[in-house]
1. How about the stretch A:6-48: which of its residues are farther than 22 Å from residue B:40 by Cα and at pLDDT below 95?
2. Just wondering, is there one or more residues in the stretch B:60-72 that are within 14 Å of the chain's Cα centre (by Cα), surrounded by fewer than 17 Cβ atoms within 10 Å (Cβ to Cβ) and closer than 22 Å to residue A:88 by Cα?
3. Say whether the condition of being farther than 15 Å from residue B:88 by Cβ, within 9 Å of chain A (Cβ to nearest Cβ) and out of contact with any helix residue (DSSP H, G or I) (no Cβ under 6 Å at 6 or more places or on another chain) is met by at least one residue in the stretch B:9-30.
4. Quickly run through the stretch B:101-114 and pick out the residues that are away from chain A (no Cβ under 11 Å) and surrounded by 18 or more Cβ atoms within 10 Å (Cβ to Cβ).
5. Taking the stretch A:69-110 on its own, how many of its residues are modelled with pLDDT under 95, within 14 Å of chain B (Cβ to nearest Cβ) and surrounded by fewer than 21 Cβ atoms within 10 Å (Cβ to Cβ)?
6. Go through the residues of the stretch B:36-57 one by one and say whether even a single one is assigned to a loop (DSSP other than H, G, I, E, B) and in contact (Cβ under 8 Å) with a residue 60 or more places away in the chain.
7. Among the residues that make up the stretch B:86-96, is at least one of them part of a strand (DSSP E or B), at pLDDT below 95 and within 8 Å of another protein chain (Cβ to nearest Cβ)?
């Protein structure tokens, strides 16, 4: 089955700096890659996603890149703000289910 | 449009008991998936229902079961609870469960087994 690895597990950045989270996946049949943000006491919330026919997607301060050949995708957050502090999960979709990475706890220091 | 709702939000049970959790998907969504979230294992897929049929299943023992009703609402049941079943149980809905469809998550039900 699909296996998704996510790095780093924790990330501390200064407010205004950029944050980058990287994920690799194993199943070449996966073709949809969402990113979720989870705040304390809440369920995961979709922040951006990318489909396999696209190499890069941007939404304001958030961007995602996908390299299908290398089977890896990354989340980039620019100009980080304290409200970006949360746990971020990458996922790969195949066969009607999502396989998640282990999560990255991001702390933005003011 | 209302989001995914889950009830109850918190639950405390003892070993050996059984529990039923409920999920109401976003209006118009017909696919409901369930996930277990624990600090050690992360987010793991339990099963997915579409049109009242289980369409996909993760690697969990038979103590974990679910069903979906004609209005797309779903329930999951865990029988003979074990300490290790303590977790946040998340429900997610999508239109038809297609591979490239966005799944929207509810707030979860936090289950504590004593």
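1. A:27, A:28, A:29, A:30, A:31, A:32
2. no
3. No: the stretch B:9-30 contains no residue that is farther than 15 Å from residue B:88 by Cβ, within 9 Å of chain A (Cβ to nearest Cβ) and out of contact with any helix residue (DSSP H, G or I) (no Cβ under 6 Å at 6 or more places or on another chain).
4. Residues satisfying the conditions are B:111, B:113.
5. The number of residues fulfilling the criteria is 3.
6. no
7. Within the stretch B:86-96, none of the residues are part of a strand (DSSP E or B), at pLDDT below 95 and within 8 Å of another protein chain (Cβ to nearest Cβ).
A quick yes/no check of all residues on (1) within 14 Å of chain A (Cβ to nearest Cβ); (2) without any contact (Cβ under 8 Å) to a residue 24 or more places away in the chain; (3) in a loop (DSSP other than H, G, I, E, B):
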{"position": "B:62", "(1), (2), (3)": "no, yes, yes"}
{"position": "B:70", "(1), (2), (3)": "no, yes, yes"}
{"position": "B:77", "(1), (2), (3)": "no, no, no"}
{"position": "B:81", "(1), (2), (3)": "no, no, yes"}
{"position": "B:99", "(1), (2), (3)": "yes, yes, yes"}
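The values are calculated or read from the model by the stated rules, or taken from the named source; none is laboratory data. On a predicted model such as this, the values are computed, not experimentally measured, just so you know. Reconstructed Cβ throughout: ideal geometry from the backbone, glycine too, with neighbour counts over all protein chains shown.
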